[in-house]
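Colleague: Below is a structure I'd like to ask you about.
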Amino acid sequence: MNDEAAARERLRLLPPIRRARLWRLYAEARPAGKTWRFLDFWMDGGRSILGAKGTNIGTAAKAALDMGLTRPLPSNLEQRLEKALLAAYPGYAAARFYSSRERALAAAASAAPGAAVAEPRPFGRFVTSRPPVSREAAPLVAAPRLPCPAALAPAVLLFADRETAREAGGDLPAPLQLSCAHRALVELSRFERGYGEDLWRKTDRRLKPYFERSGPYLCVRAGLAGGDYDRVFRAALGAGALLSPYPDELSMIPGEFDDGEIAALAAALASLR
(Lines give C-alpha, C1' and ligand atoms only; values in the text may rest on other atoms or scores of the structure.)
Protein backbone atom coordinates (compact mmCIF):
# COMPACT_ATOMS: atom_id res chain seq x y z
CA MET A 1 0.00 0.00 0.00
CA ASN A 2 1.48 3.39 -0.99
CA ASP A 3 1.60 6.42 1.31
CA GLU A 4 -1.48 8.08 -0.17
CA ALA A 5 -3.58 4.93 0.09
CA ALA A 6 -2.43 4.32 3.67
CA ALA A 7 -3.28 7.91 4.61
CA ARG A 8 -6.77 7.56 3.14
CA GLU A 9 -7.34 4.40 5.16
CA ARG A 10 -6.31 6.17 8.36
CA LEU A 11 -8.67 9.07 7.63
CA ARG A 12 -11.51 6.61 7.06
CA LEU A 13 -11.20 5.66 10.73
CA LEU A 14 -12.96 8.94 11.44
CA PRO A 15 -16.75 8.76 11.69
CA PRO A 16 -18.69 10.72 9.05
CA ILE A 17 -18.00 14.40 9.66
CA ARG A 18 -20.92 16.81 9.43
CA ARG A 19 -19.10 20.04 10.19
CA ALA A 20 -15.65 21.55 10.63
CA ARG A 21 -15.43 24.70 12.72
CA LEU A 22 -12.11 26.43 13.35
CA TRP A 23 -9.79 23.61 14.52
CA ARG A 24 -12.41 21.02 15.43
CA LEU A 25 -14.27 18.40 13.43
CA TYR A 26 -17.74 17.29 14.49
CA ALA A 27 -19.16 13.86 13.65
CA GLU A 28 -22.63 13.23 12.26
CA ALA A 29 -23.86 11.55 15.43
CA ARG A 30 -22.93 11.56 19.10
CA PRO A 31 -23.03 7.90 20.15
CA ALA A 32 -22.91 7.24 23.88
CA GLY A 33 -19.39 6.65 25.15
CA LYS A 34 -17.70 7.43 21.83
CA THR A 35 -15.71 10.38 20.57
CA TRP A 36 -17.69 12.72 18.36
CA ARG A 37 -15.48 15.84 18.35
CA PHE A 38 -11.89 15.88 17.11
CA LEU A 39 -9.21 18.51 17.62
CA ASP A 40 -7.40 18.89 14.30
CA PHE A 41 -3.61 18.59 14.57
CA TRP A 42 -3.32 17.79 10.85
CA MET A 43 -5.08 20.74 9.23
CA ASP A 44 -4.49 19.19 5.81
CA GLY A 45 -0.77 19.70 6.13
CA GLY A 46 -1.14 23.40 6.98
CA ARG A 47 -3.73 24.28 4.34
CA SER A 48 -6.28 24.77 7.13
CA ILE A 49 -3.93 26.44 9.60
CA LEU A 50 -6.36 29.40 9.72
CA GLY A 51 -9.16 27.10 10.81
CA ALA A 52 -11.65 25.18 8.72
CA LYS A 53 -12.33 28.15 6.44
CA GLY A 54 -10.48 31.08 7.92
CA THR A 55 -12.22 34.26 8.96
CA ASN A 56 -13.07 35.67 5.55
CA ILE A 57 -12.13 32.95 3.07
CA GLY A 58 -15.73 31.70 3.07
CA THR A 59 -16.92 35.25 2.47
CA ALA A 60 -14.56 35.59 -0.50
CA ALA A 61 -15.79 32.27 -1.92
CA LYS A 62 -19.43 33.26 -1.52
CA ALA A 63 -18.87 36.63 -3.19
CA ALA A 64 -17.19 34.99 -6.18
CA LEU A 65 -19.89 32.31 -6.32
CA ASP A 66 -22.63 34.96 -6.28
CA MET A 67 -20.93 36.65 -9.25
CA GLY A 68 -20.63 33.35 -11.11
CA LEU A 69 -16.82 33.42 -11.10
CA THR A 70 -16.39 29.68 -10.65
CA ARG A 71 -14.99 28.78 -14.08
CA PRO A 72 -11.49 29.24 -15.54
CA LEU A 73 -11.68 32.84 -16.79
CA PRO A 74 -9.20 35.69 -17.26
CA SER A 75 -9.06 37.91 -14.18
CA ASN A 76 -6.90 40.70 -12.80
CA LEU A 77 -6.88 38.64 -9.61
CA GLU A 78 -3.99 36.65 -11.13
CA GLN A 79 -1.71 39.70 -10.89
CA ARG A 80 -3.04 40.51 -7.44
CA LEU A 81 -2.29 37.03 -6.10
CA GLU A 82 1.11 36.94 -7.79
CA LYS A 83 2.04 40.22 -6.11
CA ALA A 84 1.02 38.85 -2.70
CA LEU A 85 2.97 35.64 -3.25
CA LEU A 86 6.15 37.45 -4.29
CA ALA A 87 5.86 39.64 -1.21
CA ALA A 88 5.51 36.54 0.98
CA TYR A 89 8.40 34.74 -0.78
CA PRO A 90 10.85 37.52 -1.73
CA GLY A 91 13.39 35.16 -3.31
CA TYR A 92 11.13 34.66 -6.33
CA ALA A 93 10.40 36.68 -9.46
CA ALA A 94 7.25 35.11 -10.94
CA ALA A 95 4.29 32.91 -10.07
CA ARG A 96 2.23 30.54 -12.20
CA PHE A 97 -1.07 28.84 -11.36
CA TYR A 98 -2.33 25.31 -12.10
CA SER A 99 -5.48 23.28 -11.70
CA SER A 100 -3.76 20.59 -9.62
CA ARG A 101 -0.54 19.86 -7.77
CA GLU A 102 0.22 17.10 -10.27
CA ARG A 103 0.01 19.53 -13.21
CA ALA A 104 2.15 22.02 -11.34
CA LEU A 105 4.90 19.49 -10.63
CA ALA A 106 4.80 18.24 -14.23
CA ALA A 107 5.25 21.83 -15.44
CA ALA A 108 8.16 22.32 -13.06
CA ALA A 109 9.85 19.15 -14.33
CA SER A 110 9.42 20.29 -17.93
CA ALA A 111 10.62 23.87 -17.43
CA ALA A 112 13.46 23.09 -15.02
CA PRO A 113 14.59 19.47 -15.60
CA GLY A 114 16.41 18.02 -12.63
CA ALA A 115 15.69 20.99 -10.36
CA ALA A 116 14.52 20.16 -6.86
CA VAL A 117 11.16 21.75 -6.11
CA ALA A 118 10.99 23.35 -2.67
CA GLU A 119 7.66 22.99 -0.87
CA PRO A 120 7.48 25.82 1.69
CA ARG A 121 4.53 25.72 4.04
CA PRO A 122 3.03 28.04 6.65
CA PHE A 123 5.54 28.56 9.48
CA GLY A 124 7.97 26.42 7.49
CA ARG A 125 10.94 28.19 9.07
CA PHE A 126 10.46 25.85 12.03
CA VAL A 127 10.79 22.70 9.91
CA THR A 128 14.51 22.18 10.27
CA SER A 129 14.66 19.36 7.72
CA ARG A 130 13.23 21.72 5.09
CA PRO A 131 15.14 25.04 5.25
CA PRO A 132 12.97 28.13 4.81
CA VAL A 133 12.93 29.91 1.49
CA SER A 134 15.05 33.04 1.73
CA ARG A 135 16.18 35.86 -0.52
CA GLU A 136 19.77 34.65 -0.23
CA ALA A 137 19.22 31.06 -1.33
CA ALA A 138 15.87 30.51 -3.01
CA PRO A 139 15.61 27.26 -4.97
CA LEU A 140 14.88 27.72 -8.67
CA VAL A 141 11.30 26.47 -8.28
CA ALA A 142 8.96 26.26 -5.29
CA ALA A 143 5.48 24.83 -4.88
CA PRO A 144 4.24 26.59 -1.73
CA ARG A 145 1.50 25.07 0.38
CA LEU A 146 -0.98 27.90 0.75
CA PRO A 147 -2.89 28.47 4.02
CA CYS A 148 -6.14 27.86 2.14
CA PRO A 149 -8.30 24.75 1.66
CA ALA A 150 -7.11 22.93 -1.46
CA ALA A 151 -10.61 22.98 -2.99
CA LEU A 152 -10.58 26.78 -2.87
CA ALA A 153 -7.10 27.54 -4.18
CA PRO A 154 -5.04 26.89 -7.30
CA ALA A 155 -1.79 24.98 -7.18
CA VAL A 156 1.09 27.45 -7.33
CA LEU A 157 4.63 27.43 -8.65
CA LEU A 158 7.12 30.17 -7.83
CA PHE A 159 10.14 30.76 -10.07
CA ALA A 160 13.42 32.48 -9.27
CA ASP A 161 13.62 33.81 -12.85
CA ARG A 162 10.96 34.92 -15.30
CA GLU A 163 12.33 32.96 -18.24
CA THR A 164 11.76 29.63 -16.51
CA ALA A 165 8.30 30.82 -15.55
CA ARG A 166 7.49 31.59 -19.19
CA GLU A 167 8.62 28.11 -20.21
CA ALA A 168 6.42 26.56 -17.51
CA GLY A 169 3.27 28.19 -18.89
CA GLY A 170 0.33 27.82 -16.51
CA ASP A 171 -3.37 27.03 -16.35
CA LEU A 172 -6.23 29.49 -16.20
CA PRO A 173 -7.64 29.30 -12.66
CA ALA A 174 -11.15 30.25 -11.62
CA PRO A 175 -11.34 33.76 -10.11
CA LEU A 176 -13.00 32.18 -7.06
CA GLN A 177 -9.78 30.25 -6.34
CA LEU A 178 -7.60 33.31 -6.86
CA SER A 179 -9.75 35.39 -4.54
CA CYS A 180 -9.74 32.79 -1.76
CA ALA A 181 -5.99 32.22 -2.00
CA HIS A 182 -5.30 35.95 -1.83
CA ARG A 183 -7.59 36.35 1.17
CA ALA A 184 -5.80 33.46 2.91
CA LEU A 185 -2.41 35.15 2.53
CA VAL A 186 -3.81 38.38 3.97
CA GLU A 187 -5.34 36.49 6.89
CA LEU A 188 -2.12 34.56 7.57
CA SER A 189 -0.20 37.77 8.19
CA ARG A 190 -2.79 38.71 10.83
CA PHE A 191 -3.00 35.22 12.29
CA GLU A 192 0.75 35.13 12.93
CA ARG A 193 0.40 37.89 15.53
CA GLY A 194 -1.39 35.60 17.95
CA TYR A 195 -0.06 32.22 16.87
CA GLY A 196 3.35 31.95 18.44
CA GLU A 197 5.54 30.51 21.15
CA ASP A 198 3.31 31.70 24.01
CA LEU A 199 0.54 29.45 22.65
CA TRP A 200 2.68 26.55 21.48
CA ARG A 201 4.54 26.06 24.77
CA LYS A 202 1.23 25.45 26.54
CA THR A 203 1.30 21.94 25.04
CA ASP A 204 4.79 21.10 26.32
CA ARG A 205 3.85 20.08 29.85
CA ARG A 206 1.68 17.23 28.62
CA LEU A 207 2.95 16.40 25.14
CA LYS A 208 6.72 16.73 25.47
CA PRO A 209 7.21 13.02 26.37
CA TYR A 210 5.51 11.98 23.12
CA PHE A 211 6.43 14.65 20.56
CA GLU A 212 9.45 16.66 19.60
CA ARG A 213 8.26 20.21 19.02
CA SER A 214 9.75 22.83 16.71
CA GLY A 215 7.65 25.96 16.77
CA PRO A 216 4.10 24.78 16.04
CA TYR A 217 5.22 21.49 14.50
CA LEU A 218 5.01 18.15 16.32
CA CYS A 219 6.97 15.03 15.41
CA VAL A 220 6.14 11.73 17.14
CA ARG A 221 9.13 10.64 19.20
CA ALA A 222 11.03 7.66 17.88
CA GLY A 223 10.10 4.43 19.60
CA LEU A 224 6.60 5.42 20.69
CA ALA A 225 4.36 2.38 20.21
CA GLY A 226 7.40 0.54 18.92
CA GLY A 227 7.46 2.80 15.89
CA ASP A 228 4.01 1.60 14.79
CA TYR A 229 2.42 4.81 13.53
CA ASP A 230 -0.97 3.19 13.03
CA ARG A 231 -1.17 2.53 16.78
CA VAL A 232 -0.24 6.13 17.54
CA PHE A 233 -2.78 7.49 15.06
CA ARG A 234 -5.58 5.25 16.38
CA ALA A 235 -4.83 6.07 20.01
CA ALA A 236 -4.89 9.80 19.28
CA LEU A 237 -8.14 9.46 17.35
CA GLY A 238 -9.72 7.60 20.25
CA ALA A 239 -8.81 10.57 22.45
CA GLY A 240 -10.41 13.03 20.06
CA ALA A 241 -7.25 14.22 18.28
CA LEU A 242 -6.58 13.98 14.55
CA LEU A 243 -2.86 13.70 13.85
CA SER A 244 -1.37 13.83 10.38
CA PRO A 245 -2.33 10.63 8.54
CA TYR A 246 1.14 10.64 6.96
CA PRO A 247 3.86 9.22 9.24
CA ASP A 248 6.54 11.36 7.59
CA GLU A 249 4.53 14.60 7.67
CA LEU A 250 4.50 16.66 10.84
CA SER A 251 1.39 17.48 12.80
CA MET A 252 0.70 21.08 13.91
CA ILE A 253 -0.61 22.70 17.08
CA PRO A 254 -4.11 24.07 16.48
CA GLY A 255 -4.78 27.77 16.77
CA GLU A 256 -7.00 27.17 19.83
CA PHE A 257 -7.40 24.31 22.29
CA ASP A 258 -8.14 23.63 25.93
CA ASP A 259 -6.01 21.77 28.43
CA GLY A 260 -8.52 18.94 28.74
CA GLU A 261 -8.11 18.10 25.05
CA ILE A 262 -4.33 18.06 25.36
CA ALA A 263 -4.54 15.96 28.55
CA ALA A 264 -6.74 13.38 26.82
CA LEU A 265 -4.24 13.04 23.97
CA ALA A 266 -1.34 12.69 26.41
CA ALA A 267 -3.15 10.00 28.39
CA ALA A 268 -3.90 8.02 25.25
CA LEU A 269 -0.28 8.14 24.11
CA ALA A 270 0.96 7.26 27.61
CA SER A 271 -0.88 3.95 27.28
CA LEU A 272 1.38 3.05 24.33
CA ARG A 273 4.65 3.33 26.24
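Results for (1) under 16 Å from the mean Cα position of the chain (by Cα); (2) closer than 16 Å to R47 by Cβ; (3) among the charged types (D, E, K, R), shown as yes or no for each residue.
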position	(1), (2), (3)
L152	yes, yes, no
E163	no, no, yes
E167	no, no, yes
D171	no, no, yes
A184	yes, yes, no
G196	no, no, no
L199	no, no, no
K202	no, no, yes
P209	no, no, no
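Colleague: Here are L237, L242: which of them is surrounded by 23 or more Cβ atoms within 10 Å (Cβ to Cβ), touching a residue at least 60 places away in the same chain (Cβ under 8 Å) and assigned by TED's automatic domain parsing to the domain that holds A20?
Modeller: Criteria check complete, one pass: L242.
Colleague: Any residue that is assigned to a strand (DSSP E or B) and either not assigned by TED's automatic domain parsing to the domain that holds H182 or not basic (K, R) (or both) - is there at least one of those in region 74-95?
Modeller: Scanning region 74-95, I find at least one residue that is assigned to a strand (DSSP E or B) and either not assigned by TED's automatic domain parsing to the domain that holds H182 or not basic (K, R) (or both), so the answer is yes.
Colleague: Looking only at region 121-176, how many residues end up being among the basic types (K, R), at pLDDT 90 or above and within 18 Å of L188 (Cα to Cα)?
Modeller: Qualifying residue count, region 121-176: 2.
Colleague: Can you tell me which residues in region 187-233 are surrounded by 16 or more Cβ atoms within 10 Å (Cβ to Cβ) and assigned to a helix (DSSP H, G or I)?
Modeller: E187, L188, F191, W200, T203, R206, L207, L224, A225, Y229, V232, F233
Colleague: Mind checking which residues of region 174-186 are part of a helix (DSSP H, G or I) and either out of contact with any strand residue (DSSP E or B) (no Cβ under 9 Å at 6 or more places or on another chain) or among the basic types (K, R) (or both)? Let's see the steps before the verdict.
Modeller: Within region 174-186, the first condition is being part of a helix (DSSP H, G or I), and the residues that meet it are 175-186.
Within region 174-186, P175, L176, S179, C180, H182, R183, A184, L185, V186 qualify.
Colleague: Follow-up. Output the number of residues of region 248-273 satisfying the condition of being in contact (Cβ under 8 Å) with a residue 24 or more places away in the chain and part of a loop (DSSP other than H, G, I, E, B).
Modeller: Result for region 248-273: 11.
Colleague: Let me ask another. Among all residue pairs at least 6 apart or on different chains, which show Cβ distances below 6 Å where the first residue, located in region 86-99, is more than 19 Å from L152 (Cα to Cα) and the second is surrounded by fewer than 21 Cβ atoms within 10 Å (Cβ to Cβ) and among the basic types (K, R)?
Modeller: Pairs found: P90/R135; G91/R135; A93/R162; A94/R162.
Colleague: Sticking with this one: Among the candidates R103, R80, R10, single out the residue that is touching a residue at least 24 places away in the same chain (Cβ under 8 Å) and under 24 Å from P216 (Cα atoms).
Modeller: The unique qualifying residue is R10.
Colleague: Which members of region 161-173 meet the condition of being part of a loop (DSSP other than H, G, I, E, B) and surrounded by 20 or more Cβ atoms within 10 Å (Cβ to Cβ)?
Modeller: Within region 161-173, G170, P173 qualify.
Colleague: Ok, one more. Among the numbered criteria (1) assigned by TED's automatic domain parsing to the domain that holds G260; (2) without any contact (Cβ under 8 Å) to a residue 12 or more places away in the chain; (3) assigned to a loop (DSSP other than H, G, I, E, B), which single criterion is violated by P113?
Modeller: P113 satisfies every listed condition except (1).
The values are calculated or read from the model by the stated rules, or taken from the named source; none is laboratory data. Quick caveat, the model's predicted, so the values are computed rather than measured. Methodologically, a virtual Cβ is constructed for each residue, glycine included, from the backbone with ideal geometry; neighbour enumeration extends over all protein chains shown.
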